[in-house]
1. Check off (1) within 16 Å of the ligand (Cβ to nearest atom); (2) more than 14 Å from the chain's Cα centre (by Cα); (3) touching a residue at least 12 places away in the same chain (Cβ under 8 Å) for VAL89 and give me the number that stays unchecked.
2. Quick one: what pairs do we get from the stretch 148-174, first residue within 16 Å of the ligand (Cβ to nearest atom), second part of a strand (DSSP E or B) and among the basic types (Lys, Arg), C-beta under 7 Å, 6+ apart or different chains?
3. Return a yes/no flag: does the stretch 3-13 have any residue that is under 15 Å from the mean Cα position of the chain (by Cα) and among the hydrophobic types (A, V, I, L, M, F, W, C).
4. If GLU114 meets every condition in (1) touching a residue at least 24 places away in the same chain (Cβ under 8 Å); (2) closer than 21 Å to PRO26 by Cβ; (3) more than 12 Å from the ligand (Cβ to nearest atom) apart from one, which number is that one?
5. Enumerate the pairs (first residue in the stretch 11-29 and over 17 Å from SER161 (Cβ atoms); second residue anywhere and open to solvent by less than 20 Å² (accessible area, probe 1.4 Å)) with beta-carbon separation below 7 Å, excluding pairs fewer than 6 apart on the same chain, so at least 6 apart or on different chains.
6. Of all residues in the stretch 31-76, how many are aliphatic (A, V, I, L, M) and near the ligand (Cβ under 8 Å from one of its atoms)?
Amino acid sequence: MPKKSFVSSLREFPLDRAFTWFESGPVLLIGTACEGKANIMTVSCHMSMGFTPLLGCMLGPWNHSYEILRKTRRCVVSVPGADLMEIAVDVGNCSGASVDKFSRFGLTYRLGEESGAPLIEECLANLECVVRKIPPRGGPYQFVLEGVRAWHNPDREEKRSFHARGDGFFIIDGETLNLRDRMVKWQDCI
Ligand SMILES: Cc1cc2nc3c(=O)[nH]c(=O)nc-3n(C[C@H](O)[C@H](O)[C@H](O)COP(=O)(O)O)c2cc1C
């Protein structure tokens, strides 16, 4: 019997786009303030570092927020709901160097006591952070942020966050499933 040849359905993928497979945390807004001016930028390249309030955030030097964050070492990480999806994309397509994004996009804020950075009223959650690690100038541009005070907004009707798929595509959170019964190893933690 001749051996059946195996035909793989795997296709090579451009290596420089592979990050889009993993860029699936919620899209965030990073808020900073300097000399009385508050600003926000959109960030999708980030990761939670363990079961802690530490967050690794990729923030490139092409952003106005980059130097401000290096200087002030304080920021607020905000989670916009799906109702703010278009605004979050627009926030990431203009610069605080030339635009007052809060008035352009009609967002409301007050400065956090711990961070001096903007807590956004319309977001689902806001984490006041201090910068624990500043990246080297030449990159990789990974800041380590540590949450020092957390705020959420349980009154918002829209509870869903949204996620970047890369290249301008996004996913909105779907159904929530309860699999707590299967978490037999982790009963003490949940
Ligand atoms: C959906 C989306 C995700 C983004 N993710 C990142 C990111 O992870 N890191 C980054 O440095 N810039 C990211 N950007 C780009 C910045 O948000 C953008 O350059 C913004 O204009 C910077 O604002 P600023 O100049 O006021 O700081 C993203 C933009 C969009 C629209």
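1. Only one criterion in (1) within 16 Å of the ligand (Cβ to nearest atom); (2) more than 14 Å from the chain's Cα centre (by Cα); (3) touching a residue at least 12 places away in the same chain (Cβ under 8 Å) is unmet by VAL89, namely (2).
2. Sorted first by the residue in the stretch 148-174, then by its partner, the pairs are ILE171/ARG165.
3. no
4. It is condition (2) that GLU114 fails.
5. Close Cβ pairs (under 7 Å, with a partner that is open to solvent by less than 20 Å² (accessible area, probe 1.4 Å)) amount to ARG17/GLY166; THR20/GLY166.
6. Looking only at that region, the number is 6.
The values are calculated or read from the model by the stated rules, or taken from the named source; none is laboratory data. None of these values were measured; they are calculated from a predicted model. Ideal geometry is used to build each Cβ from the backbone, glycine not excepted, and the neighbour counts take in all protein chains shown. Remember, those area values only see protein heavy atoms, side chains included, never the ligands or the DNA or RNA. Shrake-Rupley method; radii C 1.70, N 1.55, O 1.52, S 1.80 Å.
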